[in-house]
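The values are calculated or read from the model by the stated rules, or taken from the named source; none is laboratory data. What you see is a predicted model, and the numbers here were worked out from it, not measured in a lab. Glycine gets a Cβ as well: all are built from the backbone with ideal geometry, and neighbour counts include every protein chain shown.
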Amino acid sequence: MLRKLSEANVDLILLDALLPAEDSFTFVKELRAVANIRIIKLVDNLGAFVKVPELEFDADDYVMKPLNENELLASVRRVLRDISPKGVESNLANQTKPT
């Protein structure tokens, strides 16, 4: 995956914090080393999961599980706004909003 990301044009990854092989903080560091990519981490319990110093070097945003579609879409918009404000907003505005 890391090799593919270094070759691909990917703007955003939704990453489940409960990785089977390694901790997600290490994986995020590896991702950041090979690609300039935005990361939204899906977490079960943010309070128990994240310590303040780690926030500086980890994901761009966090969304609690179970996922709320509107919250996830808002997070994606917020994170991608840094990349291309007009392009992201117009593309996401044209999509059907979750009910």
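Assessment of segment 17-28 against the conditions (part of a strand (DSSP E or B), within 17 Å of Ser75 (Cα to Cα), touching a strand residue (DSSP E or B) at 6+ places or on another chain (Cβ under 7 Å) and at pLDDT 80 or above) yields no matching residue. Here segment 61-80 is the region considered, the condition is being under 13 Å from the mean Cα position of the chain (by Cα) and either modelled with pLDDT under 90 or of a type in the set (Phe, Trp, Tyr) (or both), and the residue that is farthest from Arg32 (Cα to Cα) is Met64. Beta carbons closer than 6 Å, at least 6 apart along the sequence or on distinct chains, pair a first residue in segment 23-37 that is under 19 Å from Val10 (Cα atoms) and in contact (Cβ under 8 Å) with a residue 12 or more places away in the chain with a second that is among the small types (Gly, Ala, Ser) and surrounded by fewer than 19 Cβ atoms within 10 Å (Cβ to Cβ) for Val34/Ser6; Ala35/Ser6.
Filtered by the rule that a residue be among the β-branched types (Val, Ile, Thr) and touching a residue at least 40 places away in the same chain (Cβ under 8 Å), segment 13-22 gives no residues.
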